Amino acid sequence: MHRRTFLTASALMTAAAVTRETDARGAEAPLGPTEGPLGATAAAMPLPPSEQLPLGPLMDAHYPDRHFESLDKRFKGGVSNGALERVATGFRWAEGPVYFRAGRYLLFSDIPNNRMMRLLDDDNHLSVFRSPSFNANGNTVDRQGRLLTCEHGGRRVVRTEYDGTVTVLADRYENKRFNSPNDIVAASNGSIWFTDPTYGILGNYEGLATQPEQSKHNVFRIDAHSGRVSVVIDDFVQPNGICFSPDENKLYVIDSGEGAAHIRVFDVDLDRGTVRNGRVFANDFAPGITDGMRADVDGNIWCSMGWGDPKEDGVRSYSPAGELLGKIHLPETCANLTFGGLLHNRLYMCASTSVYACYVNTQGAAIP
């Protein structure tokens, strides 16, 4: 819950930090030092670093870009003559990125603003894709190219059909409503796997405050043929990001709950819809947490990072054995990421108020 309170506090600080005066022509100009009610001089607070940044490559970019930190020669983050870019901004909490190669655009959620956004690949045009979005969070694409979405406000998992209509795939288990579906992944056999923490019902900022009906915070599976919902894992504090390995033999799930802050990995029997042999894959995040993740074609896991040391905000890359390979440093807390572009070699990162992107020396494993 620390990330939710942080967003509210940041908004208040930003509003208090900017003061303007009107000159003789009626134009607005930023003020320097101002006089307080008792005559004391007070300097205006500087804007947060994220609000000083323009779109495009970050101002301090220099090839090779210092935002890419390699800790192992196997690290594939960043290209030698490429830079980290800020491609969109103006959100309250950006989440759930998913890329559509057929249309060459990125979709992502702006949860507190109750909308989903679309960013075009060719000219970087930004527009609202869906509003209201029922506080949509995680998104993915099924093997037929249809959008799958987890809704906090709707407390359900939905599919957007080719004609734009929305089909509810599941909204309850054992006749009790989900807590707030968070992140989602589609398997090659058509089954859909998603996490169900309580973040969307803890307040009215990212959903609607209410009491949970599910006694546990589960990882669920929707069967492709029957639509039956089943529990896959039931012992998480707050299950969050989720993804498969490229061969779908392993399932990775993030726990972002208090006292957890790790990624676990499970062996998967995809046809039976079961997992076994759960173990910790990576847990070196404290005092921060990770939130979302994706796999590349080599089986490396790329995950978000934030809520701890600001110098660690960004993305981390781990080998299939759980070895930390490198980092991408961002000026804001990162929530989630996805691979995009026609060649799946462009990494998009949803980070607080903005979306960042860079080209990498690998490709995302997601299909399509």
Given a 10 angstrom Cα cut-off, can you work out which residue in 199, 252, 63 is the most mobile in a GNM of the chain? 63
Hey, what angle do you get for helix 2-17 against the long axis of the chain, alpha-carbon based, 0 to 90 degrees rounded to 10? 20
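Taking 8 Å as the Cα distance limit and 6 or more residues as the minimum spacing, I'd like the relative contact order of the range 239-294 as a percentage. Don't skip to the end; give the middle numbers.
Working: 112 pairs, mean separation 19.0, N = 56.
So the answer I get is 34 percent.
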In whole Hz, the Karplus estimates of ³J(HN,Hα) for the range 247-254 (6.51, -1.76, 1.60; θ = phi - 60°; x where Gly or Pro) are 8, 6, 8, 10, 10, 10, 9, 8
Of 288, 361, 139, farthest towards positive along the dipole that unit charges on Lys, Arg, Asp, Glu beta carbons give the chain: 139
Considering the Cα positions of the range 88-196, please state its Rg to one decimal place and its Dmax as a whole number of Å. 13.5, 47
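What's the ranking of 307-320, 265-278 by average number of surrounding C-beta atoms within 10 Å, highest first? If you can, show how the numbers build up before the last one.
Working: 307-320: 19.4, 265-278: 14.4.
Answer by packing, highest mean first, reads 307-320, 265-278.
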Taking the range 58-359, how many lysine pairs are there with alpha carbons less than 21 Å apart, if each pair must be eight or more places apart or span two chains? 5
Under 5 Å between amide hydrogens, which residues at least 5 positions from residue 191 or on another chain qualify, with H placed 1.01 Å from N in the peptide plane? 224
Once residue 188 and residue 249 are pulled to full extension, the length gained, defined as 0.36 nm per residue separation minus their Cα-Cα distance, is 20.8 nm
Amide H neighbours of residue 308 under 5 Å, at least 5 residues apart or on other chains, H built in the peptide plane: list them. 289
From the phi of every residue in the range 151-159, what ³J(HN,Hα) in whole Hz does the Karplus formula 6.51 cos²θ - 1.76 cosθ + 1.60 yield, where θ is phi - 60° and glycine or proline is x? 10, 6, x, x, 6, 8, 10, 10, 10
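Quick check on the chain: helices-only [θ] at 222 nm, where DSSP H runs of length 4 and up contribute -39,500 (n - 2.57) each and the sum goes over total residues. Nearest 500, please. Walk me through the numbers before you get to the answer.
Details: 2 runs with 20 residues, N = 368.
The helix contribution divided over the chain gives -1500 deg cm²/dmol.
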Can you tell which of 303, 343, 328 lies farthest toward the positive end of the dipole of the range 58-359, using +1 and -1 charges on the Cβ of basic and acidic side chains (Lys, Arg; Asp, Glu)? 343
Provide the packing ranking of 241-247, 64-70, i.e. peptides ordered by the mean count of other C-beta atoms within 10 Å per residue, highest first. 241-247, 64-70
Apply the Karplus curve 6.51 cos²θ - 1.76 cosθ + 1.60, θ = phi - 60°, to the phi angles in the range 190-202 and return the couplings in whole Hz, x for Gly and Pro. x, 5, 10, 10, 8, 9, 9, x, 10, 4, x, 10, 7
Would you please give the residues with an amide H less than 5 Å from that of residue 178, counting only those at least 5 places away or on a separate chain, with H modeled from the backbone geometry? 172, 173
Scan [x] 184; [y] 162; [z] 119 for the value of volume of the Cα convex hull per residue in Å³ calculated from this model and give just the label. [y]
Dipole of the chain, Cα-centred, from +1 at each Lys and Arg C-beta and -1 at each Asp and Glu C-beta, to the nearest 20 debye? 580
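Where a number appears in this text, it was derived from the coordinates with a stated rule and is not lab data. All figures in this text were calculated on a predicted structure; none of them were measured in a lab. Note that each Cβ is placed from the backbone with ideal geometry, even for glycine, and that neighbours are counted across all protein chains shown.
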